Amino acid sequence: MTTLAVSREISAGAGGAPRTVSRLTALGTLARRRFALSARTPREIVVPLLTPILFALVIAPALAKMVNSPGLDYKTYVAIGTVGLLVPLSCMFAGIGVIVDRDSGARRELLAAPVPRSLMVAGNFVVALVVSTLQLGALMIAAIARGANFNATGTGVLWFIAAAYLFAIASYGIAEVLANRIPKQEEYVGATPAVAILPWFLAGSLFPIHALPGGLAAFAKVLPLTHALAIMRYGLLDRHATGLHDIWGMSNATGMAALSLAVVAAWAVALSAASVRVFAKSAVR
């Protein structure tokens with residue numbers, strides 16, 4: 001689906017007359033275009049999975065043999081922590097398509113369509129979310145196949161899904177902001193490790209945050225990934241909410257999970273708003 005065809009599909013009604021389309025129709029059209037461009041082959045979906053699946057299949061079991069973690073399945077602990085690497089990487093890769101659109105001139109045709117700028121960002125995000133969901137499902141299947149033991153309940157799964165999706169929204173917000181602020185694709189790729197990988201080592205992915213030095217532990221409590229991982233582990237693994245206790249120091253597990261979910265949601269809202277604002281500014285340049 002070409003950009004010009006998308007613009008015409010959004011802006012033209014019966015007989016080619018311009019018309020105002022519903023937001024849902026426009027969003028679906030924009031999402032189909034992005035999916036056709038960025039996820040049209042299995043390779044583009046599978047390649048970002050390689051590192052996270054390596055963690056789930058090889059590194060997590062190896063670490064589990066070395067680390068003494070009484071009362072906790074460390075293999076499963078690391079498998080859930082790998083979500084915090086997979087989602088940001090997937091969203092950052094999605095941001096490359098934004099740069100390609102801007103540099104190739106395709107964005108100009110899209111901007112001519114009678115739709116809000118926010119829907120153009122949302123259309124890109126929908127595809128990033130779908131791809132992240134497929135990859136997340138593959139990661140969980142690989143972890144279970146390698147022996148991960150999830151202690152999931154219906155409520156626990158809901159906690160996991162809410163944290164994962166809110167964190168994905170926040171991650172794509174960062175990707176969209178950077179893609180519209182960084183002039184060159186090479187610079188964007190160079191920024192990916194600092195944005196998507198560095199926080200993963202500080203957010204309790206491989207070890208509890210209380211093992212960090214005081215200053216880093218305090219910084220980790222600000223990161224949305226720290227809260228998201230603590231909620232996901234509470235939902236699927238640690239019913240004692242050890243990770244949440246490291247953050248809040250409270251005894252009410254549900255209350256701590258709700259507080260952390262509110263933190264992740266706040267990051268998601270703030271970064272989504274920033275992404276729309278930055279996109280709108282870059283669109284008029």
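The values are calculated or read from the model by the stated rules, or taken from the named source; none is laboratory data. Owing to the predicted nature of the structure, the values given are computational and were not obtained by experimental measurement. Cβ placement follows ideal geometry from the backbone for every residue including glycine, while neighbour counts extend to all protein chains displayed. Please note that ligands, DNA and RNA were not included when accessible areas were found on the heavy atoms of the full protein model with its side chains. Shrake-Rupley method; radii C 1.70, N 1.55, O 1.52, S 1.80 Å.
Highest first, please rank the peptides 184-190, 125-131 by the mean number of other Cβ atoms sitting within 10 Å of their residues.
Packing order, densest peptide first, comes out as 125-131, 184-190.
Straight-line reach from residue 184: which lysines have a Cα under 23 Å away, not including same-chain ones fewer than 8 places off?
The qualifying lysines are 281.
Using the Karplus curve 6.51 cos²θ - 1.76 cosθ + 1.60 with θ = phi - 60°, work out ³J(HN,Hα) for each residue of the range 221-237 in order, rounded to whole Hz, and write x for Gly and Pro.
Karplus values, whole Hz, x for Gly and Pro: 5, 8, 5, x, 5, 4, 5, 5, 5, 4, 5, 4, 6, 4, x, 10, 9.
Using only the Cα atoms of the range 117-229, each taken as one equal point scatterer with no solvent, compute I(q) by the Debye sum, divide by I(0), and report log10 of the ratio at q = 0.16, 0.22, 0.23 Å⁻¹.
Debye curve over Cα of the range 117-229, log10 I(q)/I(0) at q = 0.16, 0.22, 0.23 Å⁻¹: -0.96, -1.38, -1.39.
Order the following by accessible area, largest value first: 227, 245, 210. Probe radius 1.4 Å; ligands, DNA and RNA are ignored.
The residues order as 210, 245, 227, largest area first.
Check cross-link reach from residue 75 to the lysines: straight Cα distance under 17 Å, and skip same-chain residues fewer than eight apart.
Within the straight-line limit of under 17 Å, residue 75 reaches these lysines: 65.
Taking 0.36 nm per residue of separation and subtracting the Cα-Cα distance, what length does fully extending residue 22 through residue 59 add?
Computed gain between residue 22 and residue 59 is 8.6 nm.
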